[in-house]
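Since the structure comes first, as structure tokens, the remarks are kept for the end.
None of the figures in this text is laboratory data; all of them are computed from the coordinates on show. As the structure is a prediction and not an experimental result, all values here were calculated from the model. With ideal geometry, Cβ positions are generated from the backbone for all residues, glycine too; neighbour counts draw on all protein chains shown.
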Amino acid sequence: MSLSKLAVIETEQIGRNVTVHEFAVIRRGVVLGDGAVIHPHVVIAEGVTVGAGVEIFPGAFLGKEPKGAGATARLPAFERRIVIGDGCSIGPYAVVFYDVEIGEGTLLGDGASIREQGRIGARCLLSRYVTLNYNVRIGDRTKVMDLCHITGNTTIGRDVFISTMVGMTNDNAMGKDGFRDDDIRGPTIEDGAMIGVGAKLLPRVRIGAGAIVGAGSVVTRDVAPGVLVMGVPAKPVQRPGAPR
């Protein structure tokens, strides 16, 4: 075990062979699993469980409390807990809000952000500067590449690939009708679907299992399983070699 004298460590729940570097802040009640490595300037708030073999890089903040500050129509709801599964890697300056669960072996890239009620599967990749709004569900082995925004109340299945700079929305009225949780819904992306670079997915659309959304497309309607869509608005196109 290697615990820097220049770190603030308030917890006693520390596993074997844990390393905490200088200027890290570990609050009381935090659980650090065997072999965890906490780099300098990491802040881990009360109520966070860090699994075995997890590495958290400089400047990351685990346990941010959601606050509306009077500017948001939605009142944040959350539990003061985070669970980081075994073998995860949390990149520099990543921010994980309270009430998040991350499955084992998942990589959270530099500057990424996960808001409350996020549930992330195992062996996922959430790359650099990806943002997940509230109540996002992501299945195992899904990859979300750099600079994507996953809107609140979105569900993404297993083995999905989402390319860079993809954006999603959850409110066709763009806020002018106020906030009603039943009306604010992001896309649903089923298992094995692929979303091309720069695509935009509008509220409530469903991308079927194995479907492909072409680069730069704007999806305004549901996409059937296995179908390739392209364009603005996105429409089905014939795949080479596919039966007519």
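Of the residues THR106, THR131, THR142, only one is hydroxyl-bearing (Ser, Thr, Tyr), more than 23 Å from THR169 (Cα to Cα) and in contact with a Lys or Arg (Cβ under 9 Å, 6 or more places away or on another chain); which?
When all the criteria are applied, what remains is THR106.
Just so you know, in region 86-109 the residues that are closer than 18 Å to THR164 by Cβ and without any contact (Cβ under 8 Å) to a residue 24 or more places away in the chain include one that is farthest from the chain's Cα centre (by Cα), and it is LEU107.
Residues checked against (1) over 27 Å from PHE97 (Cβ atoms); (2) assigned to a loop (DSSP other than H, G, I, E, B):
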site	(1), (2)
ARG141	no, yes
GLY210	yes, yes
GLY216	yes, yes
VAL229	yes, no
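Of everything in region 64-85 that is touching an Asp or Glu at 6+ places or on another chain (Cβ under 8 Å) and in contact (Cβ under 8 Å) with a residue 40 or more places away in the chain, the residue that is surrounded by the fewest Cβ atoms within 10 Å (Cβ to Cβ) is ALA77. Is it the case that some residue within region 48-63 is free of Cβ contacts under 8 Å to residues at least 24 places away in the same chain and surrounded by 18 or more Cβ atoms within 10 Å (Cβ to Cβ)? Checking region 48-63: not a single residue is free of Cβ contacts under 8 Å to residues at least 24 places away in the same chain and surrounded by 18 or more Cβ atoms within 10 Å (Cβ to Cβ). For region 111-160, residues that are surrounded by fewer than 22 Cβ atoms within 10 Å (Cβ to Cβ), touching a residue at least 24 places away in the same chain (Cβ under 8 Å) and of a type in the set (D, E, K, R) total 5.
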